[in-house]
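Here's the structure, in structure tokens; my notes come after.
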Amino acid sequence: MEGLSRRRLVGLTAALPLLGQVSWAAPAAATETLSAAQSPVRLNFNESPWGPSASARTAMHEGVASCGRYPYPLQYALIETFARQQGVAEDHVQLFCGSKLALQYAVHAFTGARSLVVPEPSYEAPVDTALTRQTPVHAVALDAQHAHDVDAMLAIRPAPGMIYVCNPNNPTGTVTPAAALERLIAKAPSDTVVVVDEAYIHFSDAPSCIPLIKAHPNLLVLRTFSKLYGMAGARVGLAIGQPALLEALEAFDGYNVAAEPSLRGALASLEESGLVAQRKRDNLRLREATVSRLSAAGWRCTASQANCFMVDVRQPAQAVVKALADAQVKVGRVWSSWPTWIRVSVGDAAQMQRFEAAFFQVLGQAA
Ligand code: PLP
């Protein structure tokens, strides 16, 4: 789940039409309200413009009839399929209602009185969790290539309880070279847990860290069905690691798994051959088309391999986010360490066209 605070969620909910209140007496007004609420282009949460695949949708519908039962058989089937596809043992995989939950549990489980090390800018969920429990946080700036500064992360003393890695990184979309990550994992103190968040890995050419799990009892990898698989609202995430690490997470919430339709959709997604390659190709084409037009006009963009990228707008980015929202194009939040950059999620062709039009209208044709 993207970083949506309870306060912002309440505001968002208040702005939405209450579907339960759509009255038969006023269908036209209700429809107008709904389409007005849907009309802004939503490039703000790194969601998929395509949603669940066709086979996932069918499977999700079929899962509704089974909602009278606890979904444990589906949970095991999903774990078994993922483990087989990845070549790991089934007891090295656990499911959570979204990978954010597993990440939050990891902070609770592995920091204790020790610190958390994170890249900056990056996905804020681990820091937000650390702050709720007074865990000290060391934020290490990305390097000049916008990769993790692995040596600076390793140099933090006393040894942290947890090092968070996001590859590709949210919000930059940039990838850290595999050799650097392997060095980080090999050199991290044995009692420091390295959490590698691979929420966006399917969009990239980066190798997964999952094969490293066998040799590294202190390595945890996170995956999600929210991004390439288009199932953000279905809340299915995975943690992959040796059993002792997974048990430390399960102490918080091991058996509160997602609903049967969500699990069926996730399983169908894994089993749909060609889905990852197709969506990766489409995302790359759409992202690069926009990035190359912005770059040609003089705007600097990050070298993203994810479904989001950042643009340096060379002025306070928050005002640009607001101006774009006024033009019915919602882009991502602003990271205080990069105050002149906006984050743009990759949408479909029509959405990217609307983003570009609004961008050039707000910022001018040339940088
Ligand atoms: N990890 C990263 C890097 C993310 O950007 C997000 C959501 O945006 C998540 C995890 C959360 O994903 P999920 O929907 O599986 O909780």
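The values are calculated or read from the model by the stated rules, or taken from the named source; none is laboratory data. Please read these numbers as outputs of a predicted model, since none were measured by experiment. Cβ sites come from the backbone with ideal geometry, for glycine too, and all protein chains shown count toward neighbours. The area values use the complete protein model at the heavy-atom level, side chains included, leaving out ligands, DNA and RNA. Shrake-Rupley method; radii C 1.70, N 1.55, O 1.52, S 1.80 Å.
Summary table below
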{"item": "DSSP loop chymotrypsin sites (Phe, Trp or Tyr not before Pro) with at most 11 other Cβ within 10 Å: longest gap in the chain", "result": "25-254"}
{"item": "Shape category assigned to the chain from the gyration tensor of Cα positions, a/c cut at 1.5", "result": "oblate"}
{"item": "Charge dipole (the chain, unit charges on Cβ, about Cα centre) - positive-most of ALA277, TYR164, ALA141", "result": "ALA141"}
{"item": "Difference of contour (0.36 nm per residue) and Cα-Cα distance, ALA144 to ARG57", "result": "27.1 nm"}
{"item": "Largest to smallest accessible area among LYS330, LYS214 [probe 1.4 Å]", "result": "LYS214, LYS330"}
{"item": "Choice from VAL64, VAL150, VAL311 showing the highest fluctuation, given a GNM over the chain with Cα pairs closer than 10 Å", "result": "VAL64"}
{"item": "Set of lysines with alpha-carbon distance to LYS100 below 24 Å, sequence-local pairs under 8 removed", "result": "LYS214, LYS227, LYS280, LYS330"}
{"item": "Rounded to whole Hz, the Karplus (6.51, -1.76, 1.60) HN-Hα couplings of region 94-102, x for glycine and proline", "result": "9, 9, 9, 6, x, 6, 4, 5, 4"}
{"item": "FRET efficiency for ARG69 and GLN278, using Cβ-Cβ distance with R0 set to 35 Å, rounded to 0.05", "result": "0.60"}
{"item": "Residue-averaged [θ]222 nm for the chain, counting only DSSP H segments that reach four residues, each worth -39500 (n - 2.57)", "result": "-13000 deg cm²/dmol"}
{"item": "Which of VAL194, VAL362 is most accessible, then next, and so on - probe 1.4 Å", "result": "VAL362, VAL194"}
{"item": "Residue among PRO49, PRO160, PRO211 with the largest mean-square fluctuation in a Gaussian network model of the chain, springs linking Cα atoms under 10 Å", "result": "PRO211"}
{"item": "Surface per residue (accessible, 1.4 Å probe) for the chain, Å²", "result": "44 Å²"}
{"item": "Phi-based couplings in Hz for region 61-74 (Karplus 6.51, -1.76, 1.60; Gly and Pro marked x)", "result": "4, 4, x, 4, 5, 8, 6, x, 10, 5, x, 4, x, 5"}
{"item": "Lys, Arg +1 and Asp, Glu -1 on Cβ, resulting dipole of the chain about Cα centre, debye, nearest 20", "result": "680 debye"}
{"item": "Unit charges on C-beta of K, R, D, E only; dipole of region 152-284, Debye", "result": "340 debye"}
